[in-house]
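Enquirer: Before I ask anything, here is the structure I am working with.
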Amino acid sequence: MRPNYTLTRLYVDADLATGMDIVLPKEQAHYLANVLRMDGGGELRVFNGRDGEWKAVVTNITRKKAELKISERLRAPQACPDIWLCFAPVRKHRNAFILEKATELGVAVLQPVVTARTQFAKLKLDKMQSQIIEAAEQTERLDLPQLNPSTTLEKLLQEWQSKRILIFADEAGDAKPALETLQNISGPAALLIGPEGGFSDEERRLLRARSFVRPVSLGPRILRADTAALALLTLWQAAQGDWT
C-alpha cells in the first residue's frame, strides 16, 4: 500500500507548493471539523487536478473555516488516458452513476449530448462538477475530467475533429463486437452512448455516414444507458487504456 494512503483526500481550488497556506471553504471546513472530527495538527492529502498530490497540515480549524499549510508533494501530476465519453443525459441518479464511474475509469472529457429521444436534457453543471470531484477524491485520480456544456448530436458531428474516432454503441445488432473494434483502433477516441430508447433511425444513419464513426455492438441484450457507458468504458480501458 502506498505511504499516506489512509489520509483523508480533498480536492482544493488553489495552487499547491511547499510552504503555501490555503483556506478551505465553509463546506470543506464543516466536513473536516464535524464529520471527521479533525483538529489542528491533523494531516490530509490535497490535489487540485494539475499540481499532483500534496500532504497538508491543519493549522486552524472551526466549523466555518479551515486553514492548511502544504508540506510536501506525495505524487507528481499524472493525466489519465485521452478517452472521451459522449452520453445522452438520463435521470438524475443515473447521470450521477455515469459521472462517477466515468471518473473512476479515467475519462478525460465528459460531453452531454441531446438526442431525439433524450428526455432529461436540462442539467445542473455545478452539481455534476461536484459529483465528479467527489469521485476523483475517492478513486485516487490526480486530475479531473473536463465537463462540457450540453450540445446536440447534429452539432457534435458538425464540429467533430475527424482525427478522433467516434465509437457509438449501436443497438441495431448488426455492428462488430465492441472489443474487436476497440482492439483495432489507434489514436485518440471517444465513446458515444445513446439515451433510454436508443438512437432514432435517422440518427443512426447520420452517424454511420461519417467516416470517423465506428458502430459497435454490446451484445445480444439491450443495456440501460448507464450500464452501456460502464461496459464500453471498461472494454476500452482493457483494450487501449492504462489497464494494459
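Enquirer: With springs only between Cα atoms under 10 Å apart, run a GNM on the chain and tell me which of L147, L125, L191 wobbles the most.
Expert: Comparing L147, L125, L191 in a Gaussian network model of the chain, the most mobile one is L125.
Enquirer: What residues have an amide H closer than 5 Å to that of R9, excluding those fewer than 5 places away on the same chain, when H is modeled at 1.01 Å from N in the peptide plane?
Expert: R45
Enquirer: Give the angle, between 0 and 90 degrees and rounded to the nearest 10, that separates the Cα long axis of helix 225-239 from the longest principal axis of the Cα atoms of the chain.
Expert: On a 0 to 90 degree scale, this one is about 80.
Enquirer: Could I ask something else about it? With the Cα gyration tensor of segment 180-243 giving a ≥ b ≥ c as the square roots of its eigenvalues, does the rule (a/c under 1.5 for rounded; else a/b larger than b/c for prolate; else oblate) give rounded, prolate or oblate?
Expert: Cα axes put segment 180-243 in the oblate bin.
Enquirer: Please list the non-local residues whose amide H lies under 5 Å from the amide H of I167, H modeled 1.01 Å from N, same-chain partners needing a gap of 5 or more.
Expert: Amide H neighbours of I167: A190, L191, L192, R214.
Enquirer: Moving to a separate point now. Using the Cα gyration tensor of segment 106-175, with a ≥ b ≥ c the square roots of its eigenvalues, what is the shape: rounded (a/c below 1.5), prolate (a/b larger than b/c) or oblate (neither)?
Expert: It comes out prolate by the Cα gyration axes.
Enquirer: As I understand it, the value is the acute angle between the Cα axis of helix 92-104 and the longest principal axis of the Cα atoms of the chain; what does it come to in degrees, rounded to 10?
Expert: 70
Enquirer: Within segment 83-131, which trypsin sites (Lys or Arg not before Pro) sit in a loop by DSSP and count at most 12 neighbouring Cβ atoms inside 10 Å?
Expert: K122, K124
Enquirer: Right, something else. Tabulate in residue order the Karplus-calculated ³J(HN,Hα) for segment 27-42, using 6.51 cos²θ - 1.76 cosθ + 1.60 with θ = phi - 60°, rounded to whole Hz; enter x for Gly and Pro.
Expert: In residue order, the calculated couplings are 5, 6, 4, 4, 4, 5, 7, 9, 8, 8, 6, 7, 10, x, x, x Hz.
Enquirer: Among the listed pairs K92/K176; K122/K155; K65/K124; K55/K92, which are separated by more than 23 Å between their Cα atoms? Write out the running numbers ahead of the final one.
Expert: Details: K92/K176 31 Å; K122/K155 17 Å; K65/K124 27 Å; K55/K92 34 Å.
Pairs exceeding 23 Å: K92/K176; K65/K124; K55/K92.
Enquirer: Roughly what % of DSSP beta bridges within the chain run antiparallel, to the nearest 5? Kindly include the intermediate steps, with their values, before the conclusion.
Expert: On the way: 17 of 43 bridges.
Just about 40 percent of them are antiparallel.
No lab work stands behind these numbers, since they all come straight from the coordinates. Note that the structure is a prediction, hence the values are computed from the model and not measured. Counting neighbours? That spans all protein chains shown, and the Cβs are built from the backbone with ideal geometry, glycine included.
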